[in-house]
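Right, one structure below, let's go through it.
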Amino acid sequence: MSAARFLVPAEMTGRELLRRPVALGLLTALPLAFYGAQAHHSDHAVVTGGIAMAFSIAGASIFAALTARPVDQRLVLAGYRPHELLLGRLLLLELFGVVVAGLFSVVMVLGTGPSDSSALVGGVVLVAVMSVPFGLAVGTLAPHELEGVLILIGVVGVQLTLESTQTIAKLLPFWGPDRLIQRSIDPTIGAGAAVPVVIVYAIGLLGAAAYVMRRRAPVRGSAGA
């Protein structure tokens, strides 16, 4: 499989993100505002800001997946496979996620000064890693942007309201990053399962997205039928 096969969907995703500077700016400013509202009176602000960062990265991934559907149909007819389109999109969005995670890490380390800065940075990076598969899966499954955004708000909102020790919190996709970020302010919190949980969730969500994309893909040779 040639690496060049991933460049077309990655480039298209990048162009689509560049067309939405205001939306991306607002999606990034929102979780930073959540953090800023708590930063001066609560160490827990890093948990709120770190998990809420999913609004930015997962939101961009949802938009990218939804707007790419018509183009994906043409690319499949041109010879691209659905998983190539998905992986190309994944790579570009993860790069975007790393940039956003870097911004949030700097702001929160300087603003809060957690006892374990490496755990905070690691947790924020895990949020970015998890947000892209989550957003792509939601964008693939949701019929429209409104439904996709509501699912994102629901999942992230519930995650933010729960303690990480609660059973339902452990079933949500951002539990692993939540534990690691909490460890940055409370070293007694164990976070050994954080990375494995994220990996399992990410693989499962990408698998679901790939399955739906294959089911929707047009049959080659049918364009002129």
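The set of residues in region 192-204 being closer than 13 Å to S164 by Cα and out of contact with any Gly (no Cβ under 8 Å at 6 or more places or on another chain) is empty. A single member of A202, A191, A209 is part of a loop (DSSP other than H, G, I, E, B), surrounded by 13 or more Cβ atoms within 10 Å (Cβ to Cβ) and in contact (Cβ under 8 Å) with a residue 12 or more places away in the chain, and it is A191. Scanning region 77-133 for residues that are over 20 Å from Y211 (Cβ atoms) and among the acidic types (D, E) returns E94, D116. Against the criterion of being crowded, with 22+ Cβ neighbours inside 10 Å and out of contact with any Pro (no Cβ under 9 Å at 6 or more places or on another chain), G113 does not qualify. The listed residues are L120, L103, L86, L92, and the only one of them that is surrounded by 18 or more Cβ atoms within 10 Å (Cβ to Cβ), under 19 Å from R20 (Cβ atoms) and at pLDDT 90 or above turns out to be L92. From the list L95, L86, L66, L90, the lone residue that is in a helix (DSSP H, G or I) and in contact with an Asp or Glu (Cβ under 8 Å, 6 or more places away or on another chain) is L66. With respect to the stated conditions, A37 is free of Cβ contacts under 8 Å to residues at least 40 places away in the same chain, farther than 21 Å from L150 by Cβ and in a helix (DSSP H, G or I).
Picking from residues in region 1-34 that are part of a loop (DSSP other than H, G, I, E, B) and over 20 Å from F96 (Cα atoms), the one that is modelled with the highest pLDDT is S2.
Restricting to region 1-47, count the residues that are among the hydroxyl-bearing types (S, T, Y) and either surrounded by fewer than 19 Cβ atoms within 10 Å (Cβ to Cβ) or in contact with a Leu (Cβ under 6 Å, 6 or more places away or on another chain) (or both). Selection size over region 1-47: 3. Out of L75, L110, L66, L86, one residue alone is over 18 Å from the mean Cα position of the chain (by Cα), touching a residue at least 40 places away in the same chain (Cβ under 8 Å) and farther than 17 Å from G157 by Cα. It is L75.
Within region 160-177, the set of residues being touching a helix residue (DSSP H, G or I) at 6+ places or on another chain (Cβ under 6 Å) and either modelled with pLDDT of 90 or more or of a type in the set (V, I, T) (or both) comprises L160, L162, A169, L172, P173, F174, W175, G176, P177. For region 128-149, a residue qualifies if it is at pLDDT below 95, hydrophobic (A, V, I, L, M, F, W, C) and outside any loop (DSSP other than H, G, I, E, B), and the qualifying residues are L141, L146, V149.
The lone criterion from (1) more than 22 Å from P21 (Cβ to Cβ); (2) more than 13 Å from the chain's Cα centre (by Cα); (3) surrounded by fewer than 20 Cβ atoms within 10 Å (Cβ to Cβ) left unmet by V155 is number (2).
The values are calculated or read from the model by the stated rules, or taken from the named source; none is laboratory data. Quick caveat, the model's predicted, so the values are computed rather than measured. Neighbour counts are summed over all protein chains in view; Cβ atoms, including those assigned to glycine, are modelled from backbone coordinates with ideal geometry.
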